[in-house]
Amino acid sequence: MDDIPSSYIFVALIIATFLANESRSCIKACLAERLDVPEECFRYDRLRCSNEVRLLRLHAGAPWERLGCDIIQCSKEELPRYQAISYTWGQKTQSHLVWINNQPLRIPANAHEVLHRLRRRKKSRCLWIDSICIDQSEDGKGEKPQQLDMMGHIYSKATKVLVWLGDSGDSPRAVLFLRVLSAAFCERQVHFSRTRADWTALIALLKQPWFERIWVLQEVAKGKEVVFLYGPHMFKWETLIPVISGLFDPPLATLGLQLRRITHSEAAMINIEFPGAFIPFRQVAIIRKNRGAMGFIGKIMPDEKKRDKDFWDYDLTPPLSELLLRCSRQKATEPKDKIFALITLSYEARIANSSSKLFFDPYSTTLPVVSTISSIDYGMEAHELYIKIAMKTLTNESSLVHRAPLILLPSAGIGNWRKVEPIPSWVADWSSLPEAILLSFDHGDVGNYRASGLFSDHWHYNSKLATPLDPEESQHQNEMRNLGLRDCGARQYVHLGPEPYTIVLQGMHVDRIKSVVEQTYDPHPAEPDLEVRLMAIIAWFDETLSLARILPHDDNITDKVVLDSYWRTICGNRGVFNGTFENPISEAFIHEYKSQIQLYQRLLHSIQRYSVTSSPRDVQEYENIALEVAHAQVTQFGLAMRQHAGHRCFAITEGGRMALVPQLSKPGDLICIFKGAQTPMLLRKNILEGENEVRSRLDPSMWQKWFDEMYPFPSLMAPAPPSVSVLAEKFNLVGECYVHGIMLGEMLSGVDGEAAMEKMFCENFVLV
């Protein structure tokens, strides 16, 4: 102590005194915020009209001072410069205070945190944040639907969208590694150093709750400039998206491995940590690029009328159906938010909001799309919204914005758990989608299944073979011709049924489920014990193969043939083999299957030996085993199994076929092929009556009202086939399935000509 200069001690005392005073000030501010709260809290002034919004002026202040601000009300056409905040609410408890005009208002903790992060010391800033700018009290319920309608406009007009991800002790490492990885995937830097700690920090960043929410997709897609805040660090959208694309987009991820951007171990770790593959954000990247392209085309084509007529040739804005398929697994507090958060990003909404709607789409059947979008509102119940969207998309899939027939039907069915009720079996519950990956999504011309032959092909569906509409049917058709648009509409594969809340499809009954293995294949089990996990996987293989082997054998169906059908079934008979997508897969793929089984058995033996010895030197071996388990799930065969057998049950049919079916399938369920479907569908006879029948809980007059809203022109809606009556047998849709031997149009083999194929789909199925 005697060796320390007195000047050092004096400076230390000054610093200590300063910190003590600051601490007291901070404590006083916290106490003032929590204890000295006036009984009178802030009350919102009513918005003067439906197109008015509130903005927040955040006052300058030191970090320890309470948050002060005031509210600005202005028309959406006369907004000043402001920045919009994108964040997650977290706990809905309004536990923190902000002071508006010296009156307190309680807000969520996350909102309080981001405002503290954004407050400047010497200059106020203008912001929009939903928890303050929209009245969240009971008095503000009436304005909330109107404000939600303007969310897209609010984020699109902001100078910046500021995304608050939260804070973490690893945020410096995560952001630095994100930038390094982004540069590597942009080919500005091929070789770069990284550690396991770098990957751990990056995974923690990408697992922030913000990435799981559905509303944030709109906020990012609409923003002019998107900046992420992670603790004290910042990075732009342009830094993030190369990493997401490089790690999760299959062609780019494969390229990343080939160029040694990442190792197989790192790829395995990423695949296990993020089974969802960030599909929604890759879709948002497409939307943002498309918006930039549209702006460029607008500049080089100043003639507005000509530009509007030709825009659809360049527009890659996805239809609502595609957005629902790609993005609806994102989380939402309200079930109906699954629709409202995506609808403003859709091609249909762009048409509906256009000043010259009729120029935007070359098919007349787009008009029901426009009327549907413009006639839904946030006041609708979730089940009403889901039914109305299904009604529109299934019966008007012929326009350019619905490129594939029956695109949403595989997402529906009672074969998986559903939350929103009451809805018919043919309506998808977007709040509780099946865990299994869709079999009938668009995998390209090579990868798609074609169970209904050429009718499965969406290019055929929208081709010149489409049925011409009667030119004298309505004035609307003549208007479309005068505008130079094509006067055709594709055949309808789905018709509204003879009774409310029913639909009719034409198809053929091909088989029936005989027996089902109840245990599903889970590619991402929550079970932390490796031994239990491996035993469950091996038991699933043993049980399913045993069931397959009870199928009848003869001179043509040997055990070798059964084994061949089995391994093809569990991997969907399609996949990437040696860099090439195969459908069906080649004989060489069986070696992948055998290697997979042997690998699981070897790993189980190793883990059991480790459990017996339990010596400290075996810790490294245990970690190696865990890594090999991860590797096994991202082999060529492992990925194919995850995409097809994952969260499905293995079954055999009365016709001697093997199948992968929805989780709640039962023996006796019918296997049918609908005209226009890529995959077979399971149906179950509707035996429910009285109060248990879904339609008895739905209002028939509402069905008619929706019909009148969506189809103002008679020519836009084909009647149900005349042979269908109200007494026709009715079925519940169970869901889509894989049935080996009928996935590539084999049921139509030997049938020559389209007319003959049409006759094969001679049965009318009424779904309820």
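The values are calculated or read from the model by the stated rules, or taken from the named source; none is laboratory data. Please read all numbers here as calculations on a predicted model, not as lab measurements. Positions of Cβ are generated from backbone atoms using ideal geometry, with glycine treated the same way; all protein chains shown enter the neighbour counts. With ligands, DNA and RNA removed, areas are computed over all heavy atoms of the protein, side chains included. Shrake-Rupley method; radii C 1.70, N 1.55, O 1.52, S 1.80 Å.
Of note, LEU67 does not satisfy the criterion of being at pLDDT 90 or above, open to solvent by less than 80 Å² (accessible area, probe 1.4 Å), among the aliphatic types (A, V, I, L, M) and within 33 Å of the chain's Cα centre (by Cα).
With (1) surrounded by 19 or more Cβ atoms within 10 Å (Cβ to Cβ); (2) modelled with pLDDT of 75 or more; (3) touching a Pro at 6+ places or on another chain (Cβ under 9 Å) as the list, and HIS402 as the residue in question, which single condition is left unmet? That leaves (2) as the condition not met. Each residue in the stretch 639-651 was checked for being surrounded by fewer than 23 Cβ atoms within 10 Å (Cβ to Cβ) and assigned to a strand (DSSP E or B), and 1 pass.
Hey, can you tell me all the residues within the stretch 502-515 that are under 22 Å from GLU758 (Cα atoms) and open to solvent by 40 Å² or more (accessible area, probe 1.4 Å)? Residues satisfying the conditions are GLN506, HIS509.
Kindly establish whether GLN636 is within 22 Å of HIS591 (Cβ to Cβ) and open to solvent by 40 Å² or more (accessible area, probe 1.4 Å). Answer is yes for this residue. For ASN416, the criteria (1) open to solvent by less than 10 Å² (accessible area, probe 1.4 Å); (2) modelled with pLDDT of 85 or more; (3) touching a strand residue (DSSP E or B) at 6+ places or on another chain (Cβ under 7 Å) hold in every case but one, which is (1).
Taken together, the residues in the stretch 152-176 that are surrounded by fewer than 16 Cβ atoms within 10 Å (Cβ to Cβ) and hydrophobic (A, V, I, L, M, F, W, C) amount to 1. Can you find even one residue in the stretch 569-581 that is open to solvent by 40 Å² or more (accessible area, probe 1.4 Å), in a helix (DSSP H, G or I) and in contact with a strand residue (DSSP E or B) (Cβ under 9 Å, 6 or more places away or on another chain)? Within the stretch 569-581 (the criterion being open to solvent by 40 Å² or more (accessible area, probe 1.4 Å), in a helix (DSSP H, G or I) and in contact with a strand residue (DSSP E or B) (Cβ under 9 Å, 6 or more places away or on another chain)), the answer is no, since none of the residues qualifies.
Per-residue answers, yes or no, for (1) open to solvent by less than 20 Å² (accessible area, probe 1.4 Å); (2) at pLDDT 50 or above:
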| site | (1), (2) |
| --- | --- |
| LYS331 | no, yes |
| ASP337 | yes, yes |
| LYS357 | no, no |
| TYR363 | yes, no |
| VAL370 | yes, no |
| SER374 | no, yes |
| HIS383 | no, yes |
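Looking across GLU499, GLU531, GLU518, one residue alone is outside the structural domain of HIS383 (by the TED database) and either in a loop (DSSP other than H, G, I, E, B) or open to solvent by less than 30 Å² (accessible area, probe 1.4 Å) (or both). It is GLU518.
Looking only at residues of the stretch 534-554 that are outside any helix (DSSP H, G or I) and touching a helix residue (DSSP H, G or I) at 6+ places or on another chain (Cβ under 8 Å), we find that the one that is least open to solvent (accessible area, probe 1.4 Å) is LEU551. Within the stretch 313-325, if we keep just the residues that are surrounded by fewer than 20 Cβ atoms within 10 Å (Cβ to Cβ) and part of a helix (DSSP H, G or I), the residue that is modelled with the highest pLDDT turns out to be TYR314. Residue-level analysis places ALA111 outside the set of residues that are in a helix (DSSP H, G or I) and not assigned by the TED database to the domain that holds ALA60. Taking the stretch 103-118 as the range and being more than 30 Å from the chain's Cα centre (by Cα) and open to solvent by 30 Å² or more (accessible area, probe 1.4 Å) as the test, the residues that pass are GLN103, ARG106, HIS116, ARG117.
Among the residues of the stretch 516-556, those identified as without any contact (Cβ under 8 Å) to a residue 40 or more places away in the chain and over 29 Å from GLU628 (Cα atoms) are ARG549, HIS553, ASP554, ASP555, ASN556.
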